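To start, the structure under review is shown below, and the notes come after it.
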Amino acid sequence: MNIRYTDSLAGITADRLRGGFFAGWPHPPSPEAHLRILQGSYAVVLAVEDVSGDVVGFITAISDGVSAAYIPHLEVLTAYRGQGIGTALVQRMLAALRPLYMVDLICDPDVQPFYARLGMTPYSGMIMRHYDRQACD
Ligand SMILES: CC(C)(COP(=O)(O)OP(=O)(O)OC[C@H]1O[C@@H](n2cnc3c(N)ncnc32)[C@H](O)[C@@H]1OP(=O)(O)O)[C@@H](O)C(=O)NCCC(=O)NCCS
């Protein structure tokens, strides 16, 4: 299968997002909400399966466009993991955000080596989660 990468949402509809993203989330956003997440982002990179046009991986960033960016979402569909797609998505996003001072994300400790290989540094942070808003509906 051939994977292409794009930072454009041209031609992307909710139907291209039905592969099972937000795996393991108790209240996953619907494909329609997923599309709104992509549309509301400062930058996106999508991994698209060439023949079907289905999205198999995505990364988003939100930003002030001047100083800081935050990467809230990165996911590759389970069947497509372990082939370098996640690495390619992060590399492309970090390149797009290179003009900015701060590029931050929150991740579990087990994923820290993955991001460290891509040049990021472990740090500490604080979060708040409104679980009643997880589905974004
Ligand atoms: C993290 C994720 C995007 C990586 O995508 P991918 O396409 O499999 O990434 P790559 O193939 O480029 O790299 C995989 C490497 O990351 C490591 N890795 C990824 N997730 C890991 C995890 N949870 N624990 C330990 N290692 C992990 C793999 O061991 C692998 O290392 P290897 O190449 O030495 O075997 C994917 O596993 C995923 O979608 N996970 C669920 C969502 C998630 O955790 N997102 C990050 C939120 S901060």
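The values are calculated or read from the model by the stated rules, or taken from the named source; none is laboratory data. Fair warning: this is a prediction, and the values are worked out from it, not measured in the lab. Here the Cβ positions follow ideal geometry from the backbone for every residue, glycine too, while neighbour counts run over all protein chains shown. What goes into the accessible areas is simple: the full protein's heavy atoms, side chains included, and nothing from ligands, DNA or RNA. Shrake-Rupley method; radii C 1.70, N 1.55, O 1.52, S 1.80 Å.
So what's the back-of-envelope 222 nm ellipticity for the chain, counting only DSSP H runs of four-plus at -39500 (n - 2.57) apiece and dividing by all residues, rounded to 500?
Taking each H run of at least 4 residues, the total per residue is -5500 deg cm²/dmol.
For the stretch 3-133, take N as its residue count and report Rg(C-alpha) divided by 2.2 N^0.38 Å.
Working: Rg = 14.5 Å, N = 131, 2.2 N^0.38 = 14.0 Å.
So the Cα radius of gyration is 1.03 times the expected 2.2 N^0.38 Å.
Compute the projected area of the convex hull of the Cα atoms of the stretch 73-129, averaged over all viewing directions, and report it in nm² to one decimal place.
Details: hull surface 19.2 nm².
Result: a mean projected hull area of 4.8 nm².
Using θ = phi - 60° and the Karplus form 6.51 cos²θ - 1.76 cosθ + 1.60, what ³J(HN,Hα) does each residue of the stretch 14-23 get, whole Hz, x for Gly and Pro?
For the stretch 14-23, the Karplus-derived couplings read 4, 5, 7, 10, 9, x, x, 6, 6, 4 Hz, x marking Gly and Pro.
For the stretch 3-133, give the percent of accessible area contributed by carbon and sulfur heavy atoms, probe 1.4 Å, rounded to a whole number.
Numbers: 4200 of 7910 Å².
Using a 1.4 Å probe with all protein chains present, the stretch 3-133 comes out at 53 percent carbon and sulfur.
With every protein chain present, what is the per residue accessible area of the chain (1.4 Å probe, Å²)? Write down the numbers at each step before the final one.
Details: 8390 Å² over 137 residues.
Accessible surface, normalised per residue, equals 61 Å².
How high is the relative contact order of the chain, given as a whole-number percent (alpha carbon pairs under 8 Å, six or more residues apart)? Kindly include the intermediate steps, with their values, before the conclusion.
On the way: 192 pairs, mean separation 31.8, N = 137.
Taking the mean separation of contacting Cα pairs over the length of the chain, I get 23 percent.
Taking K and R as +1 and D and E as -1, what net charge do the other residues with C-beta under 13 Å from the C-beta of His34 add up to? Working shown, then result.
Details: positive: Arg16, Arg18, Arg36; negative: Asp15, Glu32, Asp54, Glu75, Asp137.
Within the 13 Å Cβ shell, the charges total -2.
HN-Hα J couplings of the stretch 114-119 from phi, Karplus 6.51/-1.76/1.60, θ = phi - 60°, integer Hz, Gly and Pro as x?
Per residue, the Karplus-derived 3J(HN,Hα) values read 4, 6, 4, 4, 9, x Hz.
Where Lys and Arg each count +1 and Asp and Glu each count -1, what net charge lies around Ala14 among other residues with Cβ under 10 Å from its Cβ?
Details: positive: Arg16, Arg18, Arg36; negative: Asp15, Glu32.
Within the 10 Å Cβ shell, the charges total +1.
Per residue of the stretch 70-80, in order, report the coupling 6.51 cos²θ - 1.76 cosθ + 1.60 (Karplus, θ = phi - 60°) as ³J(HN,Hα) in whole Hz, putting x for Gly and Pro.
Residue by residue, the stretch 70-80 yields 10, 9, x, 9, 9, 7, 10, 4, 3, 5, 10 Hz.
Once the dipole of the chain is set up with Lys and Arg at +1 and Asp and Glu at -1 on Cβ about the Cα centre, which of Ser8, Val66, Ser41 lies farthest towards its positive end?
Of the listed residues, the answer is Val66.
Given +1 on the Cβ of Lys and Arg, -1 on the Cβ of Asp and Glu, and no further charges, what dipole in debye does the chain carry about its Cα centre, rounded to the nearest 20?
Values: 10 positive and 13 negative charges, 45 e Å.
Roughly 220 debye for the chain.
Taking only the Cα atoms of the stretch 1-52, how large is their convex hull per residue, in Å³? Write down the numbers at each step before the final one.
Working: hull volume 4.5 nm³, N = 52.
Value for the stretch 1-52: 87 Å³ per residue.
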